[in-house]
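Asks: One structure, pasted below without further comment.
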Amino acid sequence: MPQEGATYVLGVDLGRLIDFTVLVVIKRGERVLGRDGRWFTEKPRVVHFERFNRIDWNLQKERIKACSQKYKDAIISIDSTGVGDPVSEELRFSALAVEDYKYTRESKRKLIDKLSMFIEQKLITYPNIPELLDELESFSFEKTDAGSLKYMAPSNKHDDCVNALALAVWPLFDESSIATPEGVWLPQEVKFN
């Protein structure tokens, strides 16, 4: 259940037939008063996960809208590439806060790099969700003939959960700061935008 005073981000990766639509809600980290009377910064954490396919686009939009509204009008960070463009536009017309993210090779690299850093530095927590953990373990990259990196799941796997989680992480902190486990805000050298 959403907490009073908390804010949320909803990452959405769209799919319909073979691929899945995945909704990942992250409760933003916030300063909270501990039992010992000291303040600390709570890590962002996944509080909601949905994965579905073979559902009509209109029903999908309604599920995304309902999820955003349930989590106090969570900002929707959505893959607006291809079919995502009209979906994000219709969500925006429903007076929802939508942040489009268009995939290119470079933008996908930045998105996955930020997610990787958050996981590696333990700046985010998530429950044991088998589909998500399986995708995170199998997600990889390959070097193209041009020398750039291409991020993807193996041919027999999906990457929808990874993408939704990455989209939810993307708007968490601006490019100049990150939260450390101790709750101190430090300059960040990595530029994400």
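The values are calculated or read from the model by the stated rules, or taken from the named source; none is laboratory data. Computed from a predicted structure; not experimentally measured. Reconstructed Cβ throughout: ideal geometry from the backbone, glycine too, with neighbour counts over all protein chains shown. Calculation scope for accessible area: heavy atoms of the full protein, side chains included, ligands and nucleic acids excluded. Shrake-Rupley method; radii C 1.70, N 1.55, O 1.52, S 1.80 Å.
Asks: Which condition number in (1) more than 19 Å from residue 162 (Cβ to Cβ); (2) over 17 Å from the mean Cα position of the chain (by Cα) is the one that residue 73 fails?
Replies: Going through (1) more than 19 Å from residue 162 (Cβ to Cβ); (2) over 17 Å from the mean Cα position of the chain (by Cα) one by one, residue 73 breaks only (2).
Asks: Filter the stretch 85-128 down to the residues that are β-branched (Val, Ile, Thr) and open to solvent by 20 Å² or more (accessible area, probe 1.4 Å) and list them by number. Don't jump to the end; show me each part of the working.
Replies: First pass over the stretch 85-128, keeping only residues β-branched (Val, Ile, Thr): 87, 98, 104, 112, 119, 124-125.
Within the stretch 85-128, 98, 104, 119, 125 meet the criteria.
Asks: Output yes when any residue across the stretch 28-47 is under 19 Å from residue 170 (Cβ atoms), open to solvent by 50 Å² or more (accessible area, probe 1.4 Å) and among the β-branched types (Val, Ile, Thr), and no when none is.
Replies: Checking the stretch 28-47: at least one residue is under 19 Å from residue 170 (Cβ atoms), open to solvent by 50 Å² or more (accessible area, probe 1.4 Å) and among the β-branched types (Val, Ile, Thr).
Asks: In the stretch 129-143, which residues are free of Cβ contacts under 8 Å to residues at least 60 places away in the same chain, open to solvent by 40 Å² or more (accessible area, probe 1.4 Å) and over 14 Å from the mean Cα position of the chain (by Cα)?
Replies: 130, 133, 134, 137, 140, 141, 142, 143
Asks: Can residue 58 be described as without any contact (Cβ under 8 Å) to a residue 60 or more places away in the chain, among the polar types (S, T, N, Q) and loosely packed, with under 13 Cβ neighbours inside 10 Å? Talk me through it step by step, then tell me what you get.
Replies: Numbers: without any contact (Cβ under 8 Å) to a residue 60 or more places away in the chain: yes; among the polar types (S, T, N, Q): yes; loosely packed, with under 13 Cβ neighbours inside 10 Å: yes.
Yes: the conditions hold for residue 58.
Asks: For the stretch 1-23, how many residues are open to solvent by 30 Å² or more (accessible area, probe 1.4 Å), in contact (Cβ under 8 Å) with a residue 40 or more places away in the chain and within 12 Å of residue 70 (Cβ to Cβ)?
Replies: Keep residues of the stretch 1-23 that are open to solvent by 30 Å² or more (accessible area, probe 1.4 Å), which gives 1-5, 7, 16-20.
Subsequent filtering for residues that are in contact (Cβ under 8 Å) with a residue 40 or more places away in the chain retains 2, 7, 16, 19-20.
Still in the running and within 12 Å of residue 70 (Cβ to Cβ): 2.
Looking only at that region, the number is 1.
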